[in-house]
1. Sequence-distant or interchain residues sharing an amide H contact under 5 Å with Ile149, placed H: which?
2. Please give the Cα centre distance for region 129-145 versus region 300-358, rounded to the nearest Å.
3. For region 49-65, what does the Karplus curve 6.51 cos²θ - 1.76 cosθ + 1.60, with θ = phi - 60°, yield as ³J(HN,Hα) per residue in whole Hz, taken in order and with x for Gly and Pro?
4. If I stretch the segment between Ile228 and Tyr406 completely, what's the gain in nm (0.36 nm per residue apart, minus their alpha carbon distance), one decimal?
5. Which residues in region 56-71 place their backbone N less than 17 Å from a point set 7 Å from the Cα of His121 along the Cα-to-Cβ direction?
6. Compare the peptides 123-134, 329-340 by average per-residue count of other Cβ atoms within 10 angstrom and give them in order, highest first.
7. Order 80-86, 394-400 from most to least packed using the mean count of other Cβ atoms within 10 Å.
8. Just subtract the alpha-carbon distance of Phe395 and Lys301 from 0.36 nm times their residue separation and send over the number in nm, one decimal.
Amino acid sequence: MVVYESQCSTTCGGADEVPMTYIQKGTPVFRKITFAFFAAGFNTFAILYCVQPLMEEFTREFHVTPTAASLSLSVTTMLLAVSMLVFGSLSEVWGRKPIMAISMLAASVLCLASAFSPNFHTLLVLRTIQGIALAGLPSIAMAYLGEEIEPGSLGSAMGLYISGNAIGAVFGRIVSGLLSEYFTWHMAMGSIGVISLIASMIFFMNLPPSRHFTPRKLEFGQLGLSLISHLKDRKLLSLFLIGFLLLGSNVALFNYIAYVLLGPPYSFNKAFASWIFIVMIVGIFSSSFIGRMVDQYGYPKILVMNICIVVTGALLTINSILAVKILGIALFTFGFFGGHSVASSWVGRRALHNKAQASSLYLFFYYAGSSVCGTVGGLFWSAFHWLGVVGMITFMLLVALWLSGYLASRSAKVPEKGTKKDSIDDCKKGP
């Protein structure tokens, strides 16, 4: 998006128009911005997923079912999904940095407060509000980076932000699992809250105010029409649904794998079982590797390939041999991150207008999948144990594979729109 804007300022503007200046890689301000967003991504995902290894303890301490325990994550991701659509629009009026900073601070304070929850209902209420607070960052982060970073350096900045997401997700899960084993879940969540407050301060002190942001008038009518037009695009809708199914499968698998490892025949302690989340680090490498493959082979083939990898990984986890099960989880994770990176970037290429809004819709479906499938997976666990969870995941992924096949067939017949050339041509034509 920024590339097109930069070319518009030089190709479409008048003689008196001054081209925009962007922050370049290697400069001190670039390092400060990428450090700030690494801390922000780390903070967001550490808070979001720190409850995942604690669900078995919630089941025991609060005397709730595994399905009910999964709500500690599902209510957060559902409110996150809905709220992102709102915060993305509000940032067009109120600015980028203020909303992101307040969002991080509020989420960190709520995480700290949730450590003192006297009962499960209080915990759910606080986690629900956390979902709203957390939405202020991911809905705006890409817009800020796109506006401030020069095009040739944007990939590096986004890569560090996504790395922060992945490392935060791993850190939050492992640390909360370890601390709850040797202390209590209250100590685990409180520690994540303190670390998140520090990350929030790092973000606020290092991120400079927006230089290229221009406030706009909030027009809900136009926003609604634009949302509807995106949903009417069958290829975009297919990509949205694939995002729903991918994260839904991922969260369902990681929600209940701890129950498998803590029970017979493995009977691991919680500290050891928490280390299973370290396999998610492969996502840091798979995203960049798959990105290079997309450039060579195209979106359709690589998306189908990744979903096939996810299905294979899920089926391998049925095997009772621990090494095979861990290999299955690693393959599942590799394919998940690769598939997500392909689908999300394809949305940005496919959308012909309001690309940021199309990305927000993708994230809405993405996190809605986490909420719905993460909780429904508990019903399959209660009825059929791990085989039921894997059966549900496999069915969802086969639907995703069918949607990918549809996208591949449509892409073969109709050239993809929304390319760089299309946008430059539109710029030259004027409004």
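1. Ile23
2. 23 Å
3. 9, 5, 7, 4, x, 9, 4, 5, 6, 4, 4, 6, 6, 9, 6, 10, 6
4. 62.0 nm
5. Label zone hits: 62-65, 68-69, 71.
6. Peptide ranking by packing, descending: 329-340, 123-134.
7. 80-86, 394-400
8. On the way: separation 94, 0.36 × 94 = 33.84 nm, distance 2.05 nm.
Full extension of this stretch gives 31.8 nm more.
Here, each number is a calculation from the coordinates, and none is a lab measurement. Owing to the predicted nature of the structure, the values given are computational and were not obtained by experimental measurement. All Cβ positions, even for glycine, are placed from backbone atoms using ideal geometry, and neighbour counts span all protein chains on display.
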